[in-house]
Structure formats: structure tokens, C-alpha cells
Amino acid sequence: MSIIIVFAMGLAAGVISGLLGVGGGAVLVPMLVFFLGLTQHMAQGISLVYIIPTAVAGLIQLHKKQLVDYRMAMYLAGGSVAGALISANLVQYISGSDLKRIFGLFVIFTGTKMIMAKEKKK
């Protein structure tokens, strides 16, 4: 596995994440599975580590523009930590093929919701 290819994948995922405001996992996990042949479980694990510096870099820029509601973020983080602990234990019992299907359905569902969403009036 070439370091340059892996770096380029990270760069692409970071650009798409920053541009669209999506978690890099929606982009990075499929890249790791399809281009590098990693298992779904391994790709999701790598994605969880990858998101830490990506999120910090994005947070710094958004903080400068005063676009972060830290109170809401703390509540979300509390729920996310609990959910991550539960799912990290649960995911070990789901087959790789089923996990790919679940992930794919999630991406399709969220993508469809975003495409169909109506613009909110301010």
C-alpha cells in the first residue's frame, strides 16, 4: 500500500468533509474498502481515528467565525460517547457483509433526505 495513495485518499476525504460538512467516514470508509481492500470493520475503525484531527482542524476554522454552539455540542458529545461505546461492542457481532449493507443504506438514506430537503426560510 503506497503512502502517497493513502495520503491522497485522506486529502480527498478531508476536502469533501470540509466542503460538505459530512463526517469523513461517509467518504473514507468506502475508499478504504474498495480501493485498499480493507474489511468494513477495519475501515470503520480507521475512520474513527481519522476523524479526530480532521474535526479539530475544522473546529478551529469554524470557531474563528463563531459558528460553533459549544453547549449543544457537549450534549451531542455525551450522547455520542454513550452510543459509540454501545455500538463498538455490538459491531463485533455483525458480519462484514451485513455491516456494508447497513452502511450503504445509511449513506443512501441520508443522501436522499439531503437531496429532497426543502430550503428553510430564515
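The values are calculated or read from the model by the stated rules, or taken from the named source; none is laboratory data. If you're wondering where the values come from, they're calculated on a predicted model, not measured in any experiment. Note that each Cβ is placed from the backbone with ideal geometry, even for glycine, and that neighbours are counted across all protein chains shown. Accessible surface areas use protein heavy atoms only, side chains included; no ligands, DNA or RNA. Shrake-Rupley method; radii C 1.70, N 1.55, O 1.52, S 1.80 Å.
Accessible-area rank, largest first, for 72, 114: 114, 72, with all protein chains present and a 1.4 angstrom probe. Rounded to whole numbers, the Karplus 3J(HN,Hα) couplings from phi for segment 37-50 are x, 6, 6, 4, 4, 5, 4, 5, x, 5, 4, 5, 6, 4 Hz, using 6.51 cos²θ - 1.76 cosθ + 1.60 with θ = phi - 60°, and x at Gly and Pro.
What accessible area, in Å² to the nearest ten, does a 1.4 Å probe give for residue 100? Here the accessible area works out near 90 Å².
Annotated for the chain: lysine pairs at least 8 residues apart or interchain, Cα distance under 21 Å, count 4. Taking the protein heavy atoms of the chain in the context of the full set of protein chains, the accessible area attributed to carbon and sulfur is 73 percent at 1.4 Å. With protein chains left intact and a 1.4 Å probe, residues in the chain average 80 Å² of accessible area per residue. Couplings 3J(HN,Hα) of segment 63-75, computed from phi: 4, 4, 8, 6, 10, 10, 9, 5, 4, 4, 4, 5, 5 Hz, in residue order, whole Hz [Karplus 6.51 cos²θ - 1.76 cosθ + 1.60, θ = phi - 60°; x for Gly and Pro].
Counting Lys and Arg as +1 and Asp and Glu as -1, each charge on the Cβ, what is the dipole of the chain about the Cα centre in debye, to the nearest 20?
It works out to roughly 560 debye.
Inter-part distance, segment 102-121 to segment 1-16, computed on C-alpha centroids, equals 25 Å.
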